[in-house]
Amino acid sequence: MKILKSLTAPKEADHPDSNEDYFFWEAQGKACAMSDGASDSFDSRSWARILCQSFTQIYNQVSAPQLDDKCVALVLSVARPFFDKQLKAVTTSWSKQLAASRGSFASLLGVIEEPRQVSILAVGDTIALWMDHRQQLRSFILRKSPEFSKNPILLGSETKTDSLLFGSEHSRWGFVTIPKAEMQPRKLFLMTDALGHYVLSQYEKNRPLPLNLLSTMSQIDFQSWVLSQRQSGELHKDDTTFALLSFD
C-alpha cells in the first residue's frame, strides 16, 4: 500500500486545530484508517485519532484477525482505555466531566491490503471510492448522495452505545472485500462526508468527477479548491479530508 496523497481542510480556515477529521497510516504498513469526529461530542478529534491508530495498530500485525463484528469490538477495546486515560488528564472541571460523560463519537473507515484483495471496514459516513473494471464509480458504505442526509451510525467511546451498534443499527455499517483485479487502476479514494456527498452528487448528475484533479493537488491547492466549492454552494461547509491509496 502506498499513500499517494493526504489532504485536509478545516471547517473554519482560521482555526485548523478545530479540524475533527483524522487520517493515519504507518510507513511500510498494510493498513490505514480515516475518521470524522462528531462535532457535537466531547473532544471528538482525539477519539477519531485514537480509533484510527488502534485500527492500524491491530491490522499492521502479521497475525491480524479477519474483518468481522469481533474486530470492531477489538478496536473499541483497544481505543477506549487510551481515550479514558487522555480524558482523565484534561477533564478537570465539572463541566468538562459532564460533557465527557455523554460520550464521544466518530466514524471509522479502515483499509487493509492483502495479496490479491483490499478489505474495507466502514462505520459512518466516511467513504471509500474506486473505479471498477468497467470504469464505473463504486463506493462503500454509502452509495447514493441522499444517504448522507441521515444521521450516521458512529463508534462511541462509551459501551452504552454498543447495543445499537451491534443490534438494530448493524445493517448500516459493514465490510467489503475488493479483488485488486476489479480496481482499474489499483487506486482507492478515501474521503469524509462533505467531499463524499459532493463526488457522488457530481456522478449522479453526469458531471465531471474531481478525482483526478484532487489527486494532483497540493495542500494549499486543496484548501483553496474546498473554499471555492463551499462559496459556490456545491460543497457543504465541514471539515474535509481526502486520501489516495495505490496497491501493487
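The values are calculated or read from the model by the stated rules, or taken from the named source; none is laboratory data. Predicted model, so just to flag it, every value in this text is computed and none were measured. With ideal geometry, Cβ positions are generated from the backbone for all residues, glycine too; neighbour counts draw on all protein chains shown. To get the accessible areas, we keep the full protein, side chains included, count just its heavy atoms, and leave off ligands, DNA and RNA. Shrake-Rupley method; radii C 1.70, N 1.55, O 1.52, S 1.80 Å.
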Worksheet item: For residues in segment 14-36 being closer than 15 Å to Thr192 by Cβ and assigned to a loop (DSSP other than H, G, I, E, B), which is least open to solvent (accessible area, probe 1.4 Å)?
Response: Asn19
Worksheet entry | Leading residue by the ranking (nearest to Ser246 (Cα to Cα)) among those in segment 196-220 that are open to solvent by 50 Å² or more (accessible area, probe 1.4 Å) and part of a helix (DSSP H, G or I) | Asn212
Worksheet item: Considering Lys11, Lys5, which residue is part of a loop (DSSP other than H, G, I, E, B), at pLDDT 95 or above and surrounded by 13 or more Cβ atoms within 10 Å (Cβ to Cβ)?
Response: Lys11
Worksheet item: Which condition breaks for Asp125 when tested against (1) surrounded by fewer than 18 Cβ atoms within 10 Å (Cβ to Cβ); (2) within 18 Å of the chain's Cα centre (by Cα)?
Response: (1)
Worksheet item: Right, His236: part of a loop (DSSP other than H, G, I, E, B), open to solvent by 30 Å² or more (accessible area, probe 1.4 Å), at pLDDT 95 or above and over 17 Å from Gly110 (Cβ atoms) or not?
Response: yes
Item to complete: Out of the residues in segment 133-175 that are more than 29 Å from Leu209 (Cβ to Cβ) and assigned to a loop (DSSP other than H, G, I, E, B), state the one that is nearest to the chain's Cα centre (by Cα).
Response: Ser157
Practice prompt. Tally the residues that are of a type outside the set (S, T, N, Q), modelled with pLDDT under 95 and open to solvent by less than 40 Å² (accessible area, probe 1.4 Å), restricting the search to segment 90-122.
Written response: 3
Item to complete: Would you check if Gln223 is surrounded by 13 or more Cβ atoms within 10 Å (Cβ to Cβ) and within 20 Å of the chain's Cα centre (by Cα)?
Response: yes
Item to complete: Give Ser39, Ser44 a once-over and let me know the one that is modelled with pLDDT under 95, within 27 Å of Leu129 (Cα to Cα) and open to solvent by less than 50 Å² (accessible area, probe 1.4 Å).
Response: Ser44
Response to the item:
Within segment 182-195, residues being open to solvent by 70 Å² or more (accessible area, probe 1.4 Å) and in a helix (DSSP H, G or I) number 1
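Residue-by-condition table, conditions (1) free of Cβ contacts under 8 Å to residues at least 24 places away in the same chain; (2) within 23 Å of Trp130 (Cα to Cα); (3) out of contact with any Leu (no Cβ under 6 Å at 6 or more places or on another chain):
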{"position": "Ser163", "(1), (2), (3)": "yes, no, yes"}
{"position": "Lys180", "(1), (2), (3)": "no, yes, yes"}
{"position": "Gln184", "(1), (2), (3)": "no, yes, yes"}
{"position": "Asp193", "(1), (2), (3)": "no, yes, yes"}
{"position": "Val199", "(1), (2), (3)": "no, yes, yes"}
{"position": "Pro210", "(1), (2), (3)": "yes, yes, yes"}
{"position": "Met217", "(1), (2), (3)": "no, yes, yes"}
Discussion item. So Thr161 ticks every box in (1) more than 21 Å from Gly37 (Cβ to Cβ); (2) modelled with pLDDT under 95 but one. Which box is left unticked?
Written reply: (1)
